[in-house]
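Please read the structure below before turning to the comments.
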Amino acid sequence: MKQFIASLFIVAGLVVATPSIAAERTVKLTVENMNCISCPYIVKNSLRSVQGVSHAEVSYEEKVATIIFDDKLTTVTALTEATAKAGFPSFLIKGNTSHE
Ligand SMILES: [Cu+2]
């Protein structure tokens, strides 16, 4: 019973703590159509132009974009739309949502 109560407190703590850390998120997108070494720069610039993005790195070798953004200012959809508009459709492959 003691353990049960202790675990309840842990769960409650997590629920309370989540909103305060929810602002900054890191996601990885798989990026299509990158076929030369200039492409990552175009993708990177398209991502950095999105309001709320604080960091964007694109790996040409892995075809992966890593983005740090404020989820109060933008969404993953806005990020994938930004790369798609630049000619590079992208898809979420990993994100630190509250469920992970
Ligand atoms: Cu290119």
Given H placed 1.01 Å from N in the peptide plane, which residues other than close sequence neighbours of GLU24 have an amide H under 5 Å from its amide H? ASP71
Counting only residues 5 or more apart in sequence or on a different chain, those whose built amide H sits under 5 Å from that of LYS94 are LYS28
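At 1.4 Å probe radius, can you tell me the per residue accessible area of region 29-81 in Å²?
Values: 2900 Å² over 53 residues.
On a per-residue basis, 55 Å².
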Could you pull out the chymotrypsin sites (Phe, Trp or Tyr not before Pro) across region 25-91 that fall in loop regions by DSSP (anything but H, G, I, E, B) with no more than 15 other Cβ atoms inside 10 Å? none
In sequence order, calculated HN-Hα J values of region 25-38 (Karplus, 6.51, -1.76, 1.60; Hz; x Gly/Pro): 10, 10, 10, 10, 10, 8, 10, 9, 6, 7, 10, 8, 6, 7
Residue by residue through region 59-74, what is 3J(HN,Hα) from phi via Karplus (6.51 cos²θ - 1.76 cosθ + 1.60, θ = phi - 60°)? Round to whole Hz and write x for glycine and proline. 9, 5, 5, 8, 6, 10, 10, 10, 10, 10, 9, 8, 6, 8, 9, 8
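Looking at region 31-100, which trypsin sites (Lys or Arg not before Pro) are in a loop (DSSP not H, G, I, E or B) and have at most 16 other Cβ atoms within 10 Å?
On the way: sites: LYS44, ARG48, LYS63, LYS72, LYS85, LYS94; in loops: LYS63, LYS72.
Answer by residue number: LYS72.
Tally Lys and Arg at +1 and Asp and Glu at -1 over the other residues with C-beta under 12 Å from the C-beta of VAL53: what net charge comes out? Intermediate results must be reported in sequence, preceding the final value.
On the way: positive: ARG25, LYS44, ARG48; negative: GLU24, GLU57, ASP70, ASP71.
It works out to a net charge of -1.
The values are calculated or read from the model by the stated rules, or taken from the named source; none is laboratory data. Keep in mind that what you see is a predicted model, and the values were worked out from it rather than measured. Reconstructed Cβ throughout: ideal geometry from the backbone, glycine too, with neighbour counts over all protein chains shown. We work out accessible area using only protein heavy atoms, side chains counted, and drop any ligands, DNA or RNA first. Shrake-Rupley method; radii C 1.70, N 1.55, O 1.52, S 1.80 Å.
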